[in-house]
Amino acid sequence: MWDYFLQTTHQTQCHRIVLYHCDKDLHVFPAQGYGEEAVEVGPCSNSWGPCIVMLKNVDVCPESFQAWFEDSLLRRHCTRLYWFQAGQTRANGQDALISAITALGAPAGSVRLHCHPRLLDKVLAEQLPADWQLHPKHFNHVLSVVELEEQYLIQLHEGTLYRLDSLEPRSFPGSCSRAVNKLQEALHVLGIMTANLALAIDLGAAPGGWTGLLADFSKKMGSSQTSVFLT
């Protein structure tokens, strides 16, 4: 089994992901195999919360998870994705972290660091033995490290499983407003994207992003479906 960590840019996104995972009637996570529990983890204060969601004990392997993730609603919210063997021993403190990574042995070829928080990149770059060849772009392996209350999870895996391009939220080409993401998420979560809707009304349609999405949605439903917009 695996533990997956989904990093977002805002705590509100983390909280929504946890709620989506808890409610199996919503059309976000598959019914089985994608974690026994979702929890918000990471640093927080009285004014802001964690920006990482942990999916515990996922049955799906990293290759299959990434294939699902690419076409899922979560792709819009997550900026980074980490995975670790479930139940692995955590390193207590940075000295233990360096020792644990050193004990793995430097792999053949270069390594990209993939850490949260990102300040760990600098720490590891300065303290890892010289035989660890580090490179941010041209690499054969990825070293993932996530800090949880001064304990560290470690995973070294093949570089082919790492996405070099950014996981920044996708936008809708040609849309006049990013607010279209909100409506698309609501339709997706409630399962309306696959429902047989005969009528869609957009009241106060300005600047028109929602209207454009509903128009595209209607076209996809077939010629028998009709969308009506009041502006």
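At-a-glance table
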| quantity | calculated |
| --- | --- |
| Ala103 vs. criteria over 27 Å from Lys182 (Cα atoms) and free of Cβ contacts under 8 Å to residues at least 12 places away in the same chain | yes |
| Test: Leu74 is within 24 Å of Val180 (Cβ to Cβ) and part of a helix (DSSP H, G or I) | yes |
| Residues (surrounded by fewer than 18 Cβ atoms within 10 Å (Cβ to Cβ) and modelled with pLDDT of 90 or more) located in the stretch 70-89 | Gln85 |
| Hits in the stretch 90-109 - residues which are of a type in the set (Val, Ile, Thr) and buried (at least 17 other Cβ atoms within 10 Å of the Cβ) | Ile98, Ile101 |
| Qualifying strands (runs of 3 or more DSSP E) (wholly inside the stretch 110-164; at least 3 residues being over 18 Å from the mean Cα position of the chain (by Cα) and surrounded by fewer than 20 Cβ atoms within 10 Å (Cβ to Cβ)) | 151-158 |
| Residue within the stretch 35-44 that is closer than 19 Å to Glu158 by Cα and in contact with a strand residue (DSSP E or B) (Cβ under 6 Å, 6 or more places away or on another chain) present | no |
| Some residue of the stretch 49-58 being over 13 Å from Met1 (Cα atoms) and either over 13 Å from the mean Cα position of the chain (by Cα) or loosely packed, with under 12 Cβ neighbours inside 10 Å (or both) | yes |
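The values are calculated or read from the model by the stated rules, or taken from the named source; none is laboratory data. The shown structure was predicted, so the numbers you read here are calculated from the model rather than taken from an experiment. With ideal geometry, Cβ positions are generated from the backbone for all residues, glycine too; neighbour counts draw on all protein chains shown.
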